[in-house]
Amino acid sequence: MAPMKGLTVFIADLRKCRSHEEEERRVNKELANIRTKFKEAGLNSYNRKKYVCKLVYMSLLGYDVQFGHKEAVDLASSAKYSEKQIGYLAVTLLLPEDSGYMRGVLAALRRDINGGDDVSVCVALAAVSNVATREIAEALTEEILNQLLSPSASTFVKKKAALCLLRLLRRFPDAAGAHAWAARVIPYMGHRDAGVTLAVTSLATALAQQYPDAMRKAAAFAVRRLKSLVLDGECPTDYMYYTVAAPWLQVKLLRLLQYFPAPESAELRTLLLRILRHIIDAGQDAPRELQQMNAQYSILFEAIGLGIHLDVDQGLMHESAALLGRFITSRETNVRYLGLETMAHLAAYIDSLAPLKRFQGVITQALRDRDVSVRRRALDLLYSMCDVDNAKPVVGELLRHMGGADLALREEMALKVAILTEKYATEYAWYIDVMMRLVALAGEHLGDEVWHRIVQVVLGNEELQLYACTIALQALNAPVCHESAFKVSAYVLGEFGHLIANAPDSAPIDQLKALQSKMPSVSLQARAVALTTVAKFTNLFPEIKTACLRVLDRHRGALDAELQQRACEYYALATVESDALLPTVFEEMPPFAERQSALVSRLLKQEGDTEDQRTWVPGGRDINRERRAQQTGENPAEADVLDGKDGELPQSDPADGPADPAEEPSITESRRHYARLLWESDGILYDGDEVQIGLMAQYKPPAGRVGVFLGNKAAGAIYDISIQAFVKDSKDDKDPPLSVQESPGQSPLPASLLPLGQARIYFDVTCHRVFATAPTLRISYTQAGAPTVLELQLPVTCVHFMAPVTIAVSDFFARWKQLGEAELGEAQSVLKTPFLEERSGEWLRGVVGGMGFALIQGADPAPDNIVAVGIATCESGERFGCLMRVEPKPSHSLTRITVRATNDMLAKAVATNIAMIFDSK
Amino acid sequence: MLSAVFIYNQKGEVLISRLYRHDVKRSVADVFRVHVIASVGAVRSPVTTLGSTTFFHIRYDNLWVCAVARHNVNAALVFEFLYRVLGLGVSYFGRFDESAVKSNFVLVYELLDEVLDFGYPQNMEVDTLKLYVTTESVRSRVEAPQITMQATGATTWRRQDIVYKKNEAFVDVIEAVNLLVSAKGTVLRSDVQGQIVMRSFLSGMPECKFGLNDKLQMDHAGVDIADCQFHQCVRLGKFDVDRTISFIPPDGEFELMRYRATDTINLPFKVLPVVRERGRTVEYEVLIKANFSAKLCATNMVVTVPTPPSATTCRIKVTGAGKAKYDPEENALVWRISRLQGLQETSLTAVVDLAPMAKPVPWSRPPISLDFQVLMFTASGLLVRFLKVFEKSNYHSVKWVRYMTKAGSYQVRI
C-alpha cells in the first residue's frame, strides 16, 4: 500500500493525545472533515482511500462510524487492486450484516471471485470469510468451491478457498449446502502442496463432523498422507519445522481420523498402527528445543488420542500410559496440562485402569499445581480414573483439597465428589459421612442438586436411614451447621426421626430442640424446610405435639409469606379433629424413582464447544461408552421403518437422556395413523398440538400422486414452512428404486399460515423397482419464534403400487402351489388379533381390498378365510404377482397370514404392512 | 486511617510510594494500576474497593494521586487531605506535575512524612510547613526554636512578628452559578457555590471580625446561606453562638469560607433557544438576555450550542454581540462574546446540514451550556457588610472587597 501522509499524521495525532477527551475531540474533528469531504463531489481515488482508512482506524478505536459505507462499497467494486483492498477491509470492519449495501458487496465479491486475477480472488475470499452473511454463503458457495476444485487455480487461491468454505460452513452449516459437495473436496487432501492439504484437511474435519457418511473416504486419504509424512518422511523443506515434518498437518490428520470409526480394511489398519507406533516411539526421546518439543508433543498427544479412539492393542496404550506418566511430571506447564488431559481421555476408554493408578500420587499432587487449568485437568482425570477400588482415597484427596481450591473449581469438585461417592459407595456409613463433610466444606458452592440427591439416596435405601438419622442429629447439635447440612438433617429427621427415638439423647424432644436451636441462624428457605419437619414431628411423635404446635404457632406471624403460609397450614392441619388426616398427609415419602442423577446431567451441561466437537467427555468408561453408543446407534428408527418402530424420529438430543414419557402417546398415535394409511387412501398422518398433517393419495401403478395437507392448529400463525419428501439413503444412488418429486405446476407454499389455515402440496411418486424403505416427509416451520422440524415416514410402500387382478377360482390354488414350489418369495406370520370377533371378517376384507388386492370369493374351503390376488407394477414394466391367504381364528385370537409373490421383498413388505395394521388396531 | 499514598504518572508508573502502615505491601500499587489506571473509562468512581483495600484517587494534571486504606475511613476527609497535598505541591513547586515530582523526589517524600503520621493527617498549613520543610527557593524565615513554638502553639497558622508598613486586607467573593433549565423553560435546578478568599497583609496578631448580610443575623432581610465551611482560623464556637465570624488570619492568601445558596438566586442570563430538526437540516434560534444592571458587564462569555454528530456545514448569523463558529471537535457551535453589557440582548440563528447516516440514530439533544464572568455581581445577593480589624497597636488598615460571579454548570436544555 502506498503511504498516505494524511493517515499517518492523523494516527500520530491520536497517539499523541494524552487523555481520552483529547482523542475524542480529534476524532470528532476528523469525522466532521470527512463528512464534508464525502459530501463534495469528485473525490479522487487517493483521498477516498485515505478517508475510508481513517474511518476504519476510528472504528477500530471503538468510535461509532455511521457513514462512509457507500464509499467503502464503491472502493470494493473498483477495478484497481489498491482500492479494492481498502474497500474490502472497510466493508468487513464497518458494514453491519444487515446493511442495505450488502447487495453491492455481494456483486463485487462475485465479480472478483469469478473473473479477476489471483490477488483479487484472494482479497475477495478473505472478505467473504470476514463478512460471511447468510446471503453470501448461499450465493457464493458454488463459486468458491469452483475455485477450490478448478485445476487452473493457483495453490494459494485453493488454500484460501478451502478456509473460506470452512468459515462459511461453521457459520451456516445449513446454508452452504455442503452435503452435495462434501465428498468432492476429499481428493484435495492428497494435493502435492502441503498448504492446500492443510487447509482442505481443516475443511474436511468440519465436514466429517456433519456428514460422516459422505466423508468416509477421507479416512483413507488421511492415512496415506500420514504415511508419506511419518513413515516415508516426504515433506517439502518449507514445511519442516525444527526437524518435524509439517506438524500442523499431522495433527490435523490425526484429529480428522478421530471422527471416523476404525478403518475396515486390514491393510489400512496395520498401516495406521505402524504410523501410531512410529509416532509414539519417536516421542520417547525428549527433544531439546522448545519449539521442536511443542511440535513433537502435539503430534504425540493427537496420536495417543487417535489410538484411544481406535481402541488399538492394549500394548500400545500401556506404553502411552507410561509416556504420559512422564509428561505429567514435566516442568513445562503446557506439557503437564496436555498430559493430564490426554490421560483423562485414556482413562475414559482404557479397559484396565491399573497402568494409570500408578500415577495417582502424582495426579493428586497436580491438584495443587500453580496453574488453575492444570488443576482442573487433574480433577477431571481423578474423576475419570476413579473406580470401586480407589474411590475412597480419591474422594478423600478431593475433600482434602476442597478447602484450598479456588471458588470456580470448588463447585465442580464438589459435584464430582458427590457423583463418585454415590457411584462407588460400598458402605452406607461412608457415603453419609462423606456427603455431610462435603456439604459442610463446600456448602455455599453447591447447587441444590447435591442436598436433594442426598435426600433421594437416603429415601431410596432403607439400610441407610438409621445411620443417616444419627448423623443428622449430630450435625444439628454441632456448634456450626451449614445451611445445606441443616436442610438435609431437617428433612431426614422429619422422615425417619422415629428410628432413633429410643437411643440416648435422641428423644423426640431432643430432636425438636436441636432443630429449633439452629432455626434462627439459617435462611428463610431452610427455615421453611424445618417447619415441614416440625409438622411431620406432630404426626411422628404425638408426645411432643404441644411443643411442636408452639413452634408452628410462633411462625404463624412470620414476616415472610412462605413461612407464614406453611406455619398456618400446618397448624390448622395439626389441630383438626381427625385421626386419619394427619397420618395420611404426612405419610412416609416413597423412594424416588431412579432417573439419571441430576448431578451427572448438571456436570454434562457445562460442556459447550464452539469449535470442533470433542470426541469424549471426562467421566469414566461407562459414560463414554453410552455416549458412543448413542452416537452410532442414533437412528435405528430411520434405517428401517418397517421393523415395528414408529415413523417419527427421536427429536430430542441423544444427550438428554431418555425421552420424556409425555411424548409416548403421540408416538403411538402417529404410528396408528401411519398404519391406517397403509390401506386407506386418505386420512390423517400426524396430529400434534401445533399442526395437523393430512394425506390424500391416488395410485395408478407404477405412478401415484400424494397430496400433503398442513393445517395450523396453533393459536398463532406459523412461518417459514417447508415440506419436503425424499427417499433416505438414496442420495448418491443414481437409480433409486422410488422417485419422489413435487408435482409440477402447483402454487408455491404460502409464507405463513394463519391459525386454522391450510397449505397443501402434491408429490409425484414413481416406483422403478420393488423397494423396502418408505420415503421421509420433512416438515419444518417456525411457530412463536421456535423452529420445529417434523420428520415422518410417508406411507408409500411398494404394496401401494399393487393393482387387483381377477383370476378364476380354480386357478388360484394352482398358482399358489406353483409359487410355493418356485420359492421366489414367501412370507408367513401368525399375528395376535384379539380385536377380531366373529363378524369382523368384513373389516379384514376391507383391509385386504384397500391394499390393492382382488378378493377371490369361494376359493378357500373355509368360509372365513380370505384369499386375494394383486399385481405390482414398476416403471420398467416389470410386474410382480402376489397371492395372499388370511386365516383368522377368532377363537384363539390369532390370525395366520401367508403371502407368496414373485418377488421376495414384495412378499415381505405385504406381510409387514399387515402386521403393522393389525398391531395398531 | 491511611495505609499508603502513591503518586503515578499518566502511564501508571509509580513516582512516589510512601507506606504508613504495615497492613499493605508495596505491591498494592500494582493492583491500583491494573484495576484503575489501565482500565480508564471502566472505572469512573474516585473510590475503588478491591477486596478489603480501598483506593481513593484524584487526577490532577498528568498525575494520579492515590491514597490507600484498609479500614472504613471517612472518604470526605481523605479527599480533603489529597486536595491539600495538591495545594502543597502547587505552593512549593509552582506547578504540580510529573516533572515537578521527578525533580523534587526528596522534598515530596519529606512533605508526605510531615503531613501524615501513621496514616493520620497532621498540620497541613502551607505557611507553617514552609517554616521547616525548606528548599532553595523556600527558605525559612525564622529560627528553629520559634518554629517549635509556632507549630505547637495556639495559632499554628501565623507567625508572631509580622510587620507591614501599609496594612491591607482584600476580600474576594467568588460565586459559581449552577443552573439547569428544561426545554420548556422551567428551572429544574439552580444553586450557587460561593467562596470567600482573603488576602491579608496585616502586622502583628490582628483579630478580625467579618460580617455578611446573613439572613439569620439580619432578621430576614439578608441572604439564606447554608453549608458554611470555614478556614481553621475561624472560631467556630462563636459562629455557632451568634453567627459572628471572628478570626486571626494567616498571612497572605487563604480561603476564609465556602458556602452554598439555593433560594432566590438572581440568574445573570436568560436563554431562549428554539431548535427545529427538519429532515436533513437543523435550525437554531438562540436568544440571550443579560439580566443584571446596565452598569455591569459580562466578560469572556462562551455559549456552546451542541450540533448533531452528523453535522457537515453550518450557516451561522449573529445579531448583536459576539462571533460564532462550528467547532467539530466539540460537536457544537461555539459562540464567543467578549463583552455583554447588562440588560442587553444578543441572538444567533444557524442552519446546520446533516450528512446521511447508515443507521439513523435519533439525536440526543444535549443542553446548551454557558460560560461567563460578571464582576461586581453576586447571584446569591450576598454582600460583605463589614470587616473590622483589631490589633494591640490599633493601626489603621485598608480593606478592599471585590465580587465576581462565574458560571458553574449553566445549562439550558433544547
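Okay, here's what the table says:
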read-out	value
Verdict on A:K252 being touching a Cys at 6+ places or on another chain (Cβ under 8 Å) and not in a strand (DSSP E or B)	no
Spans of strands (runs of 3 or more DSSP E) in segment B:40-103 with at least 1 residues within 18 Å of the chain's Cα centre (by Cα), more than 14 Å from chain A (Cβ to nearest Cβ) and within 30 Å of B:Y132 (Cβ to Cβ)	B:53-60, B:63-69
Test set (1) within 12 Å of chain B (Cβ to nearest Cβ); (2) within 13 Å of A:F10 (Cα to Cα) - A:Q66 fails condition number	(2)
Residue count, segment A:1-22 (criterion: out of contact with any Cys (no Cβ under 6 Å at 6 or more places or on another chain) and not in a loop (DSSP other than H, G, I, E, B))	14
Cβ-Cβ under 6 Å pairs, at least 6 apart or on other chains, segment A:202-221 side in contact (Cβ under 8 Å) with a residue 12 or more places away in the chain, far side among the aliphatic types (A, V, I, L, M) and part of a loop (DSSP other than H, G, I, E, B)	A:L207/A:M215; A:A208/A:M215
Counted residues, segment A:1-53 - those being among the small types (G, A, S) and within 12 Å of chain B (Cβ to nearest Cβ)	2
B:C208 being over 20 Å from the mean Cα position of the chain (by Cα) and farther than 29 Å from B:V271 by Cβ	yes
Those residues of segment A:537-576 which are under 18 Å from A:Y491 (Cα atoms) and in a loop (DSSP other than H, G, I, E, B), in sequence order	A:F541
Residue match in segment B:157-168 (condition: modelled with pLDDT under 85 and over 29 Å from the mean Cα position of the chain (by Cα))	yes
Conditions (1) closer than 17 Å to A:W843 by Cα; (2) part of a helix (DSSP H, G or I); (3) at pLDDT 80 or above: number failed by A:A907	(1)
Segment A:22-39 residues that are under 15 Å from A:G68 (Cα atoms), paired with ones that are buried (at least 19 other Cβ atoms within 10 Å of the Cβ) and of a type in the set (G, A, S) (beta carbon under 6 Å, 6 or more apart)	A:R35/B:A355
Within segment B:344-363, considering residues that are more than 15 Å from B:T313 (Cα to Cα) and in contact (Cβ under 8 Å) with a residue 60 or more places away in the chain, the one nearest to the other protein chains (Cβ to nearest Cβ)	B:W363
All positions within segment A:99-145 that are loosely packed, with under 15 Cβ neighbours inside 10 Å, farther than 22 Å from A:K70 by Cβ and not β-branched (V, I, T)	A:N114, A:G115, A:D117, A:D118, A:R134, A:E142
A:S59 being surrounded by 13 or more Cβ atoms within 10 Å (Cβ to Cβ), among the hydroxyl-bearing types (S, T, Y) and outside any helix (DSSP H, G or I)	no
Inter-residue pairs, beta-carbon under 6 Å, first touching a residue at least 24 places away in the same chain (Cβ under 8 Å) and in segment A:700-723, second hydrophobic (A, V, I, L, M, F, W, C) and surrounded by fewer than 19 Cβ atoms within 10 Å (Cβ to Cβ), 6+ apart	A:P701/A:A803; A:G707/A:M696; A:G716/A:A784; A:A717/A:L754; A:I721/A:L749
Strands (runs of 3 or more DSSP E) lying entirely in segment A:812-894 (those with 2 or more residues that are among the small types (G, A, S) and modelled with pLDDT of 75 or more)	A:826-832, A:866-873
Matching residues, segment B:266-280, being part of a strand (DSSP E or B) and surrounded by 15 or more Cβ atoms within 10 Å (Cβ to Cβ)	B:F269, B:V271, B:P273, B:V275
Filtered residue count, segment B:308-324, keeping only those that are facing another protein chain (nearest Cβ under 7 Å) and buried (at least 19 other Cβ atoms within 10 Å of the Cβ)	3
Candidates A:A321, A:A262, A:A286, A:A246, filtered to the one that is over 32 Å from the mean Cα position of the chain (by Cα) and at pLDDT below 85	A:A286
Answer from A:L466, A:L512 - the residue that is touching a residue at least 12 places away in the same chain (Cβ under 8 Å) and buried (at least 20 other Cβ atoms within 10 Å of the Cβ)	A:L512
Which listed residue is surrounded by 15 or more Cβ atoms within 10 Å (Cβ to Cβ) and at pLDDT below 90, from B:D327, B:D251, B:D263	B:D251
Residue within segment A:205-212 that is polar (S, T, N, Q), modelled with pLDDT under 85 and either in a loop (DSSP other than H, G, I, E, B) or in contact with a Pro (Cβ under 8 Å, 6 or more places away or on another chain) (or both) present	yes
Residue list for segment B:132-156, filter: modelled with pLDDT of 80 or more and of a type in the set (A, V, I, L, M)	B:V133
Whichever residue in segment A:83-118 is under 22 Å from A:K159 (Cα atoms) and of a type in the set (S, T, N, Q) and, among such residues, is farthest from the other protein chains (Cβ to nearest Cβ)	A:N114
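The values are calculated or read from the model by the stated rules, or taken from the named source; none is laboratory data. None of the values given here were measured: they were computed from a predicted structure. Reconstructed Cβ throughout: ideal geometry from the backbone, glycine too, with neighbour counts over all protein chains shown.
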